[in-house]
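Asker: So that we are looking at the same thing, I have put the structure below in C-alpha cells.
The values are calculated or read from the model by the stated rules, or taken from the named source; none is laboratory data. Every value quoted in this text rests on a predicted model; they were computed, and no experiment measured them. Neighbour counts are summed over all protein chains in view; Cβ atoms, including those assigned to glycine, are modelled from backbone coordinates with ideal geometry. For accessibility, only protein heavy atoms count, side chains too; no ligands or nucleic acids. Shrake-Rupley method; radii C 1.70, N 1.55, O 1.52, S 1.80 Å.
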Amino acid sequence: MNLRHALPRVPLAGGPTPLQLLPRLSAALRGPTLWCKRDDQTALAGGGNKARKLEYLMALARQQGADTVVTFGGVHSNHARMTAAAARMCGLSPVLVLTGTLPVPAVGNPLLDALLGARIVTVPDHGKGRDAAVAALRETLAAEGRRVAWIPGGGSTPLGAMGYVRALFELRAQCEAEGITPAAVWCAAGTEGTWRGLRAGAALARWPVAIEGVAVATPAERAGFGVTDEASFFSEMGELLGEALTIPAAQLIEDQVGGAYGAVTEAGVQAMAQAAQAEGLILDPVYTGKALAGLLARIVDGGYRQGEHVVFVHTGGWPGLAPKAAAIEAALAATAGVD
Ligand SMILES: Cc1ncc(COP(=O)(O)O)c(C=O)c1O
C-alpha cells in the first residue's frame, strides 16, 4: 500500500503518535497486555482523531481552491474545533454550524473555537429551522464571494477515513517493532469514520486483527450524524485506493451508550478513573471513557487470555471534560479509588 503517495495530504497530525504500554492497568485486570495508541497526541490544536481525517479533507479543500471551510457538529464538537484549527493552519476561514446552545461562559471546545476566531452559526437539533439556517448561511457566503469547502460532521467521508487507513499501517509498524500481533484494536465510534478506516486498513494490510468499535450514540443518532451504509462507503474507499476491499462484516458494541450521545455513564467514568489512576491517562466522558468501558467489560467477561495483546486507540476529546464536570464528579463519588 502506497497511500501516502497516492492521495494528496496536508501534514497536520504530526506523528507517528506513540504506542504506549499500559502495564499497571493490564496487571490490575489480570487479562491481556494492554497498549494505548496515543492519537490524543496528534499535533493539531490539542490533539485527537480528527487531525488524521483532516489531512486528506484539507488537501481536497485546497484542490477545490477554497478560501473558507464550513463544517458541522454539536456545540461541544471536537471535530469542529479541529477543523477550525486545520483551516487556520491552511490559511482558510473556518465557519462552524453547531447544534444546540453555546455555554456562557464558554468552556471546552466552544472556548477554543472562539480563540480560533471561527464564525459560528448555532442551529436547532433538526427540522426546518436547521435547514433554513444552513440555506441562509449558504446564501450569505455566496454573497460574500467565498469559495467554500463543505466538510460533513465528523469528517467521516471515505476520503476522511483514509486517515485511519494510514493510522492502521502506522500502528502495524509499531506493533511489529514491539514484536507483537494484537488480538484486537479498540476505538470509539460516533460517525464511524475511525472504525471503518481502521477496518479498511486492516483488510488492505492483510493484518488479522479484530477492529472493535464501541458506539457512543444510538443507531438513530448515528443516522442523524449522516452515517451511510457500509457497502457504498467501503466501495468508495476502494476506488480511492485503487483496490477493491473485502472487509469482514462487524457489529458495533452498542451497550455503552447510556441512552443517548453525550450521556455520562457510570461505567464510562469508572473506566476514566481506572485509566487515570493506573496510568495517568486522561480520557473523556463522551467517547474514550465509553470505549474503554466496553473493552474492560470484554476483559472481565474473559474475552481475552493473558499473553494476548490488545490496543486501545485513544482518540482524544479532553475539551469535553469541562462541560460534563458536574456529572463526572457525581459518578466519581460512586466509584472506589485505587488507594
Ligand atoms: C474524541 C473523539 N473520539 C472518537 C470520535 C469518534 O470518531 P468517529 O466519528 O470517526 O467515529 C470522535 C468524533 O467526534 C471524537 O471527537
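Asker: Which value in deg cm²/dmol, rounded to the nearest 500, describes the helix-derived mean residue ellipticity at 222 nm for the chain, given -39,500 (n - 2.57) per DSSP H run of n ≥ 4 and division by the residue count?
Answerer: About -13500 deg cm²/dmol.
Asker: Let me ask you something else. Once the convex hull of the C-alpha atoms of segment 117-202 is built, how many Å³ does it hold per residue, rounded to a whole number?
Answerer: Dividing the Cα hull volume of segment 117-202 by its residues yields 143 Å³.
Asker: Turning to a different aspect of this structure: Using Cα pairs closer than 8 Å and at least 6 residues apart in sequence, work out the relative contact order for segment 160-299, in percent.
Answerer: About 24 percent, as a whole number.
Asker: May I pose another question? Given H placed on each backbone N at 1.01 Å, which residues far from Lys37 in sequence or on other chains put an amide H within less than 5 Å of it?
Answerer: Counting only residues 5 or more places away or on other chains, the set is Gln20, Phe312, Val313, His314.
Asker: Using only Cα atoms, tell me the angle between helix 288-300 and the longest principal axis of the chain; keep it within 0 to 90° and round to the nearest 10.
Answerer: It is inclined by approximately 20 degrees.
Asker: Let me ask something additional. Just to confirm, what accessible area per residue do you get for segment 50-155 at 1.4 Å probe, in whole Å²?
Answerer: 43
Asker: Can you work out the base-10 log of I(q)/I(0) for segment 50-155 at q = 0.10, 0.21 1/Å, using the Debye formula on its C-alpha atoms alone?
Answerer: Debye output, listed in q order: -0.25, -1.11.
Asker: How many angstrom lie between the C-alpha centres of segment 275-289 and segment 56-127?
Answerer: Cα centres, segment 275-289 to segment 56-127: 25 Å.
Asker: Relative contact order of the chain: what whole-number percent is it, with Cα pairs under 8 angstrom and at least 6 residues apart?
Answerer: Reported relative contact order: 21 percent.
Asker: Averaged across orientations, what area in nm² does the convex hull of the alpha carbons in the chain project?
Answerer: For the chain, the mean projected area of the Cα convex hull comes to 16.7 nm².
Asker: In addition: Hey, what's the Kirkwood Rh for segment 144-302 if you take every pair of different alpha carbons, in angstrom?
Answerer: Result for segment 144-302 stands at 16.7 Å.
Asker: When the dipole is taken about the Cα centre of the chain, and only Lys, Arg (+1) and Asp, Glu (-1) are charged at their Cβ, what size is it in debye, to the nearest 20?
Answerer: Using Cβ point charges on Lys, Arg, Asp and Glu, the chain gives about 640 debye.
Asker: I need the peptides 39-51, 18-30, 164-176, 60-72 ranked by packing, meaning the mean over residues of other C-beta atoms within 10 angstrom, with the highest value on top.
Answerer: Listed from highest to lowest mean packing, they are 39-51, 164-176, 60-72, 18-30.
Asker: Within the chain, what is the number of lysine pairs with alpha carbons under 19 Å apart, leaving out pairs fewer than eight places apart on the same chain?
Answerer: 5
Asker: Heavy atoms of the protein only, probe of 1.4 Å, neighbouring chains included. What is the accessible area of Val209 in Å², nearest 10?
Answerer: Val209 has an accessible surface of roughly 20 Å² with all protein chains in place.
Asker: Roughly how many Å² is the accessible area per residue of segment 283-339, as a whole number, for a 1.4 Å probe?
Answerer: 44
Asker: Right, next: Would you mind putting 230-239, 270-279 in packing order, based on average other-beta-carbon counts within 10 Å, highest first?
Answerer: Put in order of decreasing packing, that is 270-279, 230-239.
Asker: Once the Cα atoms of segment 36-103 are picked out, what are the Rg and Dmax in Å?
Answerer: In order Rg, Dmax, the Cα atoms of segment 36-103 give 12.2, 38 Å.
Asker: May I ask you to derive the relative contact order of segment 50-155, considering only C-alpha pairs under 8 Å and at least 6 residues apart, and to give it as an integer percent?
Answerer: Value for segment 50-155: 37 percent.
Asker: Also: Measure off, as a whole percent, the carbon and sulfur share of the 1.4 Å-probe accessible area of segment 50-155, all protein chains present.
Answerer: Carbon plus sulfur share of accessible area: 58 percent.
Asker: Additional query: Only Lys, Arg, Asp and Glu count, each charged at its Cβ (+1, +1, -1, -1), so figure out the dipole size of segment 50-155 about its Cα centre, rounded to 20 debye.
Answerer: In debye, rounded to 20, segment 50-155 gives about 220.
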